Amino acid sequence: MAKPIYVLNGPNLNLLGSREPEVYGKGTLDDLRQRCERKAKALGLKVDFRQSNHEGELVAWIQEARTDAAGLIVNAGAFTHTSIAMLDALLACPVPAVEVHLSNIFTREPFRHRSYISKAAEGVICGFGALGYELAIEALAATISPGKAG
């Protein structure tokens, strides 16, 4: 069986739908998971969708992806702006990664303008809400299986 795309979500994304819906939208994390699964299925792929509020767990999942995933989509939440540990794990991971953010981090508070993990990403998608995850799946599909992107 083909390896899945890991979709890793960081702190507070479990609160989607209730936390600042004017910034992050009204959809829940489960709604986001379902969108990702539908998009991946349409492209002949599978996703392994996860969320953690713990930096170490996210790092362990990135390390796991070294052998068990075809690609990574990472929304590190606030760890985007603080986690050298996640950057180091991503740099050590040979599979392609896309950084995703629901909001446009460059139109928000200045501390959000810096991403530590971008250096390890093939690309960054921000500001398109849940659609950004679907775009990331398409980008990875094109990267890992040329001709599969929609």
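The values are calculated or read from the model by the stated rules, or taken from the named source; none is laboratory data. Please read these numbers as outputs of a predicted model, since none were measured by experiment. Methodologically, a virtual Cβ is constructed for each residue, glycine included, from the backbone with ideal geometry; neighbour enumeration extends over all protein chains shown.
To keep it simple, each residue is scored yes or no on (1) loosely packed, with under 15 Cβ neighbours inside 10 Å; (2) in a helix (DSSP H, G or I); (3) in contact with a Cys (Cβ under 8 Å, 6 or more places away or on another chain); (4) at pLDDT 95 or above.
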position	(1), (2), (3), (4)
Phe111	yes, yes, no, no
Ser115	no, no, no, no
Ile125	no, no, no, yes
Gly129	no, no, no, no
Tyr133	no, yes, yes, yes
Ile137	no, yes, yes, yes
Ala141	no, yes, no, yes
Pro146	yes, no, no, no
Gly150	yes, no, no, no
I'd like to know if the range 35-47 contains one or more residues that are aliphatic (A, V, I, L, M), under 17 Å from Ala97 (Cα atoms), more than 14 Å from the chain's Cα centre (by Cα) and not in a helix (DSSP H, G or I). yes
By residue number, the members of the range 66-77 that are under 13 Å from the mean Cα position of the chain (by Cα) and part of a helix (DSSP H, G or I) are Gly77
How many residues are surrounded by 15 or more Cβ atoms within 10 Å (Cβ to Cβ) and outside any loop (DSSP other than H, G, I, E, B) if we restrict to the range 92-109? 6
Does Leu102 fit the bill of being within 14 Å of Val7 (Cα to Cα) and either at pLDDT 95 or above or not polar (S, T, N, Q) (or both)? yes
Tabulated pairs, the range 101-124, first within 21 Å of Ile144 (Cβ to Cβ), second of a type in the set (Asp, Glu), C-beta under 6 angstrom, 6+ apart or interchain: Ile117/Glu99; Ser118/Glu99; Ala121/Glu99; Val124/Glu99
Name, by its number, the condition in (1) part of a loop (DSSP other than H, G, I, E, B); (2) without any contact (Cβ under 8 Å) to a residue 60 or more places away in the chain that does not hold for Trp61. (1)
What single numbered condition from (1) crowded, with 18+ Cβ neighbours inside 10 Å; (2) of a type outside the set (Gly, Ala, Ser); (3) under 16 Å from Leu8 (Cβ atoms) fails to hold for Glu57? (1)
Do we have Ala89 as assigned to a helix (DSSP H, G or I) and either surrounded by fewer than 17 Cβ atoms within 10 Å (Cβ to Cβ) or more than 15 Å from the chain's Cα centre (by Cα) (or both) here? no
Considering the range 65-81 alone, what residues qualify as being without any contact (Cβ under 8 Å) to a residue 40 or more places away in the chain and crowded, with 16+ Cβ neighbours inside 10 Å? His81
Can you tell me which residues in the range 7-58 are within 18 Å of Ile137 (Cα to Cα), touching a residue at least 12 places away in the same chain (Cβ under 8 Å) and acidic (Asp, Glu)? Asp31, Glu37, Asp48
